[in-house]
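*Asks:* Let me give you the structure first, and then I'll get to my questions.
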Amino acid sequence: ETLDKGLEKSKTTFFGKLSKAVAGKSKVDDEVLDNLEEVLVTSDVGVDTTLKIIDRIEGRVSRDKYLGTEELNAILREEIAGLLSETHTGEDTDFVIPTDKKPYVIMVVGVNGVGKTTTIGKLAHQFKNQGLKVVLGAADTFRAAAIDQLEVWADRVDVPIIKQKMGSDPASVAFDTLNSAVADNADVVLVDTAGRLHNKVNLMNELTKVKRVMQKVVPDAPHDVLLVLDGSTGQNAFEQAKQFTKATEVTSLAVTKLDGTAKGGVVIGISDQFQIPVKYIGVGEGIEDLQVFNKYEFVDSFFK
Ligand code: GDP
């Protein structure tokens, strides 16, 4: 696609905004770089990552002062793919989990409303489809609705759920869940946890305790701490990533609600700033609307 064509959709997509930013310009000059900076920031790439990208492009301009805007598209793609490659070293295209850890324990964290329950349900569905034995743990005991919603997904996917009543100790639910998984010879466990950010110390204590108690059953659990972020919330997602990475060791990310939004830039900024790979992306409310993040497909879609 040429940058000219992008002008039609300049309001909505990154590519469109980029086209508008270079319209009528043949050389990458300071004005183009300023415009590009604005495009990246308004696409939720985040200020720090934007400056990093601009800096790299400036470096290329200084080595080639005749650099044309025609080449900008390709150069940006390269730079963005390069940034993503720092954290996305593998090229997973399927919902694979290591087979040498059984049960493989995924602790899922994130604030309410970001799509945590939905993501757990979608993942359970994918794993079950591969013939894996899945167990869910309802350790978000702070809200009754959280337990109920997880149960709806457990029924829908037809996997067992371990729960207690609202207000019970999350660590105790996690303990029961892992015991049950071990007893049933399950392959993968998804443990939902509460994400109340208003009290950082509580959050940290709770997550630490859940982990510690899990380790009484499965010594190297959790194998993955998956933070779910709402990709349509831009700076909020950054802020949540900051809080959760302070509270616990987050090992991977799921970015939801990337359908119907041109805000995919958040994926670039967050994986760069926190050096944590985005493993999954949510692209709708349906059970199949979860994808394994693929950096090449992502960069392609960003430029459409
Ligand atoms: P939780 O409170 O974090 O557990 O959030 P839920 O899983 O209950 O999701 C909150 C809302 O976001 C629900 O209406 C979901 O259907 C919706 N949702 C979750 N993931 C996605 C997604 O990838 N795309 C869209 N469009 N909606 C989503």
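*Asks:* Calculated FRET efficiency, residue 156 and residue 77, Cβ-Cβ r, R0 51 Å, to nearest 0.05?
*Replies:* Efficiency at R0 = 51 Å is approximately 0.85.
*Asks:* When the accessible area of the range 58-176 is split by element with a 1.4 Å probe, what percent falls to carbon and sulfur?
*Replies:* 49 percent
*Asks:* Between residue 285 and residue 65, what is the spin-label point distance in nm, taking each point 7 Å from the Cα along the Cα→C-beta axis?
*Replies:* About 5.7 nm, to one decimal.
*Asks:* In nm, to one decimal, how far is the modelled label at residue 252 from the one at residue 31, with both set 7 Å along Cα→Cβ?
*Replies:* The modelled label-to-label distance comes out at 4.7 nm.
*Asks:* OK, next. For helix 69-87, what angle does its Cα long axis make with the longest principal axis of the chain, in degrees from 0 to 90 and rounded to 10?
*Replies:* The angle comes out at about 20 degrees.
*Asks:* On to the next question. When only Cα pairs under 8 Å and 6 or more residues apart are kept, what is the percent relative contact order across the range 171-304?
*Replies:* 18 percent
*Asks:* Another question, if that's okay. Which angle between 0 and 90 degrees, to the nearest 10, do you get for helix 30-42 versus the longest principal axis of the chain when only C-alpha atoms count?
*Replies:* 20 degrees
*Asks:* Counting pairs of alpha carbon atoms under 8 Å apart in space and at least six apart in sequence, what relative contact order in percent does the range 77-160 give?
*Replies:* Relative contact order for the range 77-160 comes out at 24 percent.
*Asks:* Give me the Debye-computed log₁₀ of I(q)/I(0) at q = 0.08, 0.09 Å⁻¹ for the chain, equal point scatterers on Cα only, no solvent, two decimals.
*Replies:* Log-scaled intensity ratios, in q order: -0.39, -0.48.
*Asks:* Moving on to the next point. Take the solvent-accessible surface of the protein heavy atoms, probe 1.4 Å, and return the percent of it on the range 181-304 that carbon and sulfur atoms account for.
*Replies:* It is 48 percent, rounded to a whole number.
*Asks:* Hey, another quick one. Most mobile of 102, 242, 65 per a Gaussian network model of the chain (Cα springs, under 10 Å)?
*Replies:* 65
*Asks:* Here is a further query. Which value, to two decimals, describes the C-alpha radius of gyration of the range 1-127 once divided by 2.2 N^0.38 Å?
*Replies:* Compared with the compact-globule rule of thumb, the range 1-127 sits at 1.41.
*Asks:* Whose amide H sits under 5 Å from the amide H of residue 259, counting only residues 5 or more places off or on another chain, with H placed in the peptide plane?
*Replies:* 284
*Asks:* Another one. Give me the extension gain from residue 185 to residue 301: residue separation times 0.36 nm, minus the current Cα-Cα distance, reported in nm with one decimal.
*Replies:* Here the answer is 37.8 nm.
*Asks:* Quick one: accessible area per residue over the range 139-262, 1.4 Å probe, rounded to a whole number of Å²?
*Replies:* 44 Å²
*Asks:* Around residue 27, what is the net charge, scoring Lys/Arg as +1 and Asp/Glu as -1 over all other residues with Cβ under 11 Å from its Cβ?
*Replies:* Surrounding charge for residue 27 is -4.
*Asks:* Also: Take every Cα pair under 8 Å in the range 111-159 that's 6+ residues apart, average their separations, divide by the length, and report that relative contact order as a whole percent.
*Replies:* This gives 45 percent for the range 111-159.
*Asks:* Same structure again: Calculate, for residue 242 and residue 92, the FRET efficiency according to 1/(1 + (r/R0)^6) with r their C-beta to C-beta distance and R0 35 Å; round to the nearest 0.05.
*Replies:* That pair, residue 242 with residue 92, gives E of 0.85.
The values are calculated or read from the model by the stated rules, or taken from the named source; none is laboratory data. Everything numeric here is computed off the predicted structure, so don't read it as measured data. Backbone-built Cβ (ideal geometry, glycine too); neighbour counts: all protein chains shown. When the accessible area is computed, the model is the full protein with side chains, heavy atoms only, and any ligands, DNA or RNA have been set aside. Shrake-Rupley method; radii C 1.70, N 1.55, O 1.52, S 1.80 Å.
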